[in-house]
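In what follows, a single structure is set out as structure tokens and then discussed.
The values are calculated or read from the model by the stated rules, or taken from the named source; none is laboratory data. In this text, all values refer to a predicted model and were calculated from it rather than measured experimentally. Heads up, the Cβs are rebuilt from the backbone with ideal geometry, glycines too, and the neighbour counts pull from every protein chain shown. Quick note on the areas: whole protein, heavy atoms, side chains included, nothing else; ligands and nucleic acids left out. Shrake-Rupley method; radii C 1.70, N 1.55, O 1.52, S 1.80 Å.
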Amino acid sequence: MNGEYLYRKYLSGDKSAFDEIVELYRDNLIFFINRYTHNLDTSEDISQDSFMELLLNPTKFDFRVSLKTYLFTVGRNKALNHIKKQDRMFCSDNIDLSLKSDSYISFENEILASEDKKALHNSIDKLRDDYSTVLHLIYFEEMSYAQAGAVMNKSRKQVENLVMRARTTLRILLEKEGYSK
């Protein structure tokens, strides 16, 4: 079942359909948000806020984009707002946002079980933020270029260029790590 169908069911009165939406997108949304926050607890909170946005403002989603694209856009925006708020609250010299919590590391290891996947993930983490984000959306979330562009607030052509540059940079990183085609 796709998210749009489930959301239409929810809007027409089937309250259990929203639980199915959460089940369908929750883990991937948390994992995506965690690329920004590097804190699993915060990512879970932001994910819940994203679903609440869908519940509290049903008219904001207009079915012209996929529900997944909409939720990932909301999640990304909320994560970026959270980071900005954190930057205002703390001096950036005192905080290393690249540190990952034990719960994140456990979550990451569970999802990325094989050595090749870990090497790929570690190399993706070394990429510029926009490169790692576009690769995550296109390859892990299986979004189209247009959907990824909507999430990232970029045109399709910008996404195509980002993917090309990200793949080239990733290939170089993987070759340095001893992985080849």
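From the list 64, 76, exactly one residue is among the basic types (Lys, Arg), within 19 Å of the chain's Cα centre (by Cα) and under 27 Å from residue 145 (Cα atoms). Which is it?
Answer to the selection: 76.
Return the residues of region 54-77 that are polar (S, T, N, Q), surrounded by 11 or more Cβ atoms within 10 Å (Cβ to Cβ) and within 21 Å of residue 44 (Cβ to Cβ); say none if nothing qualifies.
Residues satisfying the conditions are 69, 73, 77.
Under 9 Å by Cβ, and 6 or more places apart or on different chains, what pairs join a residue from region 28-40 that is on the phi < 0 side of the Ramachandran plot and surrounded by fewer than 19 Cβ atoms within 10 Å (Cβ to Cβ) with one that is among the acidic types (Asp, Glu) and outside any loop (DSSP other than H, G, I, E, B)?
Close Cβ pairs (under 9 Å, with a partner that is among the acidic types (Asp, Glu) and outside any loop (DSSP other than H, G, I, E, B)) amount to 35/125; 35/129.
Quick test for you: out of 80, 24, pick the one residue that is open to solvent by 40 Å² or more (accessible area, probe 1.4 Å), closer than 16 Å to residue 133 by Cβ and free of Cβ contacts under 8 Å to residues at least 60 places away in the same chain.
80
Being among the hydroxyl-bearing types (Ser, Thr, Tyr) and out of contact with any Asp or Glu (no Cβ under 9 Å at 6 or more places or on another chain) is the filter here; which residues of region 1-36 pass it?
5, 7, 12, 16, 25
Scan region 149-181 for residues that are among the hydrophobic types (A, V, I, L, M, F, W, C) and touching a residue at least 24 places away in the same chain (Cβ under 8 Å) and jot them down.
150, 151, 152, 159, 162, 163, 166, 170, 173, 174 - these are the residues of region 149-181 that are among the hydrophobic types (A, V, I, L, M, F, W, C) and touching a residue at least 24 places away in the same chain (Cβ under 8 Å).
Going through region 3-16 one residue at a time, which ones are open to solvent by less than 80 Å² (accessible area, probe 1.4 Å) and in a loop (DSSP other than H, G, I, E, B)?
13, 14
Can you name the helices (runs of 4 or more DSSP H) wholly within region 103-181 that have at least 1 residues being of a type outside the set (Phe, Trp, Tyr) and at pLDDT 90 or above?
Result: 129-135, 145-152, 156-176.
Considering every residue within region 71-88, establish whether at least one is of a type in the set (D, E, K, R), outside any helix (DSSP H, G or I) and modelled with pLDDT of 85 or more.
Quick first cut of region 71-88, residues of a type in the set (D, E, K, R) only: 76, 78, 84-85, 87-88.
Those left that are additionally outside any helix (DSSP H, G or I): none.
Taking every residue of region 71-88 in turn, none turns out to be of a type in the set (D, E, K, R), outside any helix (DSSP H, G or I) and modelled with pLDDT of 85 or more.
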